[in-house]
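Have a look at the structure below, then the notes.
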Amino acid sequence: MMSAHHPRLSLELRSVHKRFVSKKPSLFSRSSKYINAVNNVTLSIPSGKTLGLVGESGSGKSTLARLILKLEDVTSGDILLSGKSILEATGPELRNYRQQVQMVFQDPFGSLNPRMSVGELISEAWIVHPEKRPENTGSRLAQLMEQVGLRPEWSSRYPGQFSGGQRQRIGIARALAVGPDLLVCDEAVSALDVSVQAQILKLLKDIQRETGITYIFISHDLSVVRYISDHVAVMYLGSVVESGPVQTVYDNPMHPYTQALLAAVPSFQDGNGLDGKLRLQGEPPDPADPPSGCPFRNRCWRAQTRCAREKPLLVPQGEDRLTACHFPGR
């Protein structure tokens with residue numbers, strides 16, 4: 001049954017940059033050093049679909065999430081919700097945006113106030129956003145708890161009385177309380193046991209089917225991303241190096257970084273013909289001192305002179321597929 005409370009909205013990122021100062025000028029150095037945590041990211045997330053963001057730690061996934069949530073300001077570029085820029089949103093506009101875009105956190109233990117009951121945690125959203133307060137809060141609270149697989153009679157209990165999976169269900173109910181259009185899930189199942197992960201992922205898919213909500217699902221676990229996502233974007237050192245429909249990218253990865261990530265997952269080695277011996281060499285480079293040209297070239301077995309000289313652009317490789325590599329393919 002589709003929720004009728006509001007039309008669903010799409011999100012678009014246009015050439016989004018986020019630069020942090022890593023070293024300020026001093027007596028010994030007049031120049032500042034910068035880290036490009038997010039570097040020229042252009043993405044679109046269709047309404048009612050799930051975009052998976054994957055990449056190693058430090059690839060820029062969580063920074064991108066904070067920009068989307070307006071917890072950080074972009075350095076340049078634009079973020080649009082259904083065609084309208086959110087960058088200058090203040091006051092009521094910003095409040096409205098924060099209601100439309102909610103987050104499910106990684107840590108189901110640390111993200112819930114242990115001194116508040118489940119009912120208080122979920123209904124707190126209606127204090128922050130009183131315009132979303134339902135006429136019958138008790139009935140709506142019970143409905144939300146049932147929607148995420150919790151018993152309404154548990155509303156007077158406290159987080160410490162629940163398991164990790166149950167706490168994450170509380171977090172999801174809390175995020176859904178104001179009827180958001182977009183849910184950002186930042187490593188939302190990584191702290192859970194594998195069997196519990198599967199239950200939470202199924203719950204998220206069921207909620208999306210019922211409500212038409214849009215998800216951004218951030219994870220380093222490629223199996224999880226494949227299960228829940230419609231599209232995937234692979235990030236490396238702040239940039240998207242490959243994106244496309246999840247089935248297309250997983251079955252036939254074109255960028256060597258994507259190939260190496262998938263080859264490290266045993267379940268994908270046979271399905272896409274990747275050699276399980278393919279391994280990422282070394283550590284990601286220092287983001288404050290990235291290599292010239294292609295940021296992946298120091299770890300790439302296909303790197304040539306051009307890769308050091310020229311940064312590859314994210315260009316189409318077949319239908320609905322983008323890859324940033326001078327020598328894409330196998």
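Count the net charge of all other residues whose Cβ sits under 15 Å from the Cβ of Trp154, scoring Lys and Arg as +1 and Asp and Glu as -1.
That works out to +2.
Sort Arg169, Arg209 so the one with the fewest other Cβ atoms within 10 Å of its own Cβ comes first.
Neighbour counts put them in this order, fewest first: Arg209, Arg169.
Can you tell me which of Lys18, Lys84, Lys70 moves the most in a GNM of the chain? Springs connect C-alpha atoms under 10 Å apart.
Lys84
Show the residues, 5+ positions off or on another chain, whose built amide H is closer than 5 Å to the amide H of Gln317.
Leu322, Thr323
In whole angstrom, how long is each semi-axis of the equivalent ellipsoid of region 156-217, when you take the square root of 5 times every eigenvalue of its Cα gyration tensor and sort them from largest down?
That gives 19, 15, 10 Å for the three semi-axes.
Pick from Gly171, Gly58, Gly91: which is most flexible by mean-square fluctuation in a GNM of the chain where alpha carbon atoms under 10 Å apart are linked?
Gly91
List the residues, sorted by chain then number, that are 5 or more residues from Gly238 or on another chain and whose placed amide H is less than 5 Å from its amide H.
Gly60
Over all directions, average the projected area of the Cα convex hull of region 256-330 and note it in nm².
In nm², the orientation-averaged hull projection of region 256-330 is 5.7.
Through the Karplus equation 6.51 cos²θ - 1.76 cosθ + 1.60, θ set to phi - 60°, convert the phi angles of region 205-211 into ³J(HN,Hα) values in whole Hz; use x for Gly and Pro.
5, 4, 5, 5, 5, 6, 10
Please report Cys294, Cys325 as a ranked list, fewest other C-beta atoms within 10 angstrom at the top and most at the bottom.
Cys325, Cys294
Too long at a 22 Å Cα-Cα cut-off: which of Lys49/Lys205; Lys61/Lys311; Lys18/Lys84; Lys70/Lys202?
Beyond 22 Å between Cα atoms: Lys70/Lys202.
When DSSP assigns beta bridges and you keep just the ones with both residues in the chain, what percent turn out antiparallel, to the nearest 5?
60 percent
With a 10 Å Cβ neighbour count serving as the proxy for reagent exposure, in which order, fewest first, do Thr75, Thr63 appear?
Taking fewest neighbouring Cβ atoms as first place, the list is Thr75, Thr63.
Quick note: the coordinates plus some simple rules give every number you see, no bench work behind them. Remember, it's a predicted structure, so these values are computed and weren't measured experimentally. All Cβ positions, glycine included, derive from the backbone under ideal geometry; neighbour counts span all protein chains shown.
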